[in-house]
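Engineer: A single structure is presented below for examination.
The values are calculated or read from the model by the stated rules, or taken from the named source; none is laboratory data. For clarity, every value in this text was computed on a predicted model and none was experimentally measured. Ideal geometry is used to build each Cβ from the backbone, glycine not excepted, and the neighbour counts take in all protein chains shown.
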Amino acid sequence: MRTKERTHKYTMMFIGAIVSLLWIYPFYLVFVNSIKTKSGIFKGTLGLPTEPTLENYPVALGELDFLLTFFNSVVVTGVSILIIVLFTSMAAYALSRKPGKSSTAIYFLFAICMLIPFQSIMIPLVSLFGGCGDVESNGSSDYVFRVRLKHGGISLCRCNEKYPESFR
């Protein structure tokens, strides 16, 4: 019995190490390619740089306005998450407190909407909002992001029906 537990422990450690490497790999690629020259990136994306350089960082920080772009992304993501959590929890609460055929139908409608691929919703909406001007500046991409994530939030929040009434 002791060897079986030890084998299980080492197997789980091995699987954890493989998963960790798979998770870290994209970060490795980004870092390694950030210290390569443009020609070095095209010669070999996966390998280590022959001549490491830091000249890409001032370009990213200055010309591409990375810090402002990063700040805008954090603000949009933070506000979107707050709005999504607020509205999906209210909708899920209302759906779970009013049992019946109509709330079950609405719940399944939200759940079914999660099966629709993201691209089949995003591409038509971006082309629709693209006619209104710059997609990034008019808040339409943020709207699409919020609408798409509400379906999953309502489906996840409604799971409290499985708990006893005293916990709800």
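Engineer: Of everything in segment 68-107, what is of a type in the set (A, V, I, L, M, F, W, C), out of contact with any Ser or Thr (no Cβ under 9 Å at 6 or more places or on another chain) and free of Cβ contacts under 8 Å to residues at least 60 places away in the same chain? Give them in sequence order.
Structural biologist: Leu68, Phe70, Phe71, Val74, Val75, Ile81, Leu82, Leu86, Met90, Ala105, Ile106
Engineer: Also, I was wondering about something else. Check segment 48-55 and report whether any residue there is surrounded by 14 or more Cβ atoms within 10 Å (Cβ to Cβ), modelled with pLDDT of 85 or more and either in contact with a helix residue (DSSP H, G or I) (Cβ under 7 Å, 6 or more places away or on another chain) or part of a helix (DSSP H, G or I) (or both).
Structural biologist: Scanning segment 48-55, I find at least one residue that is surrounded by 14 or more Cβ atoms within 10 Å (Cβ to Cβ), modelled with pLDDT of 85 or more and either in contact with a helix residue (DSSP H, G or I) (Cβ under 7 Å, 6 or more places away or on another chain) or part of a helix (DSSP H, G or I) (or both), so the answer is yes.
Engineer: What is the residue count in segment 88-106 for residues that are under 23 Å from the mean Cα position of the chain (by Cα) and surrounded by 15 or more Cβ atoms within 10 Å (Cβ to Cβ)?
Structural biologist: Selection size over segment 88-106: 4.
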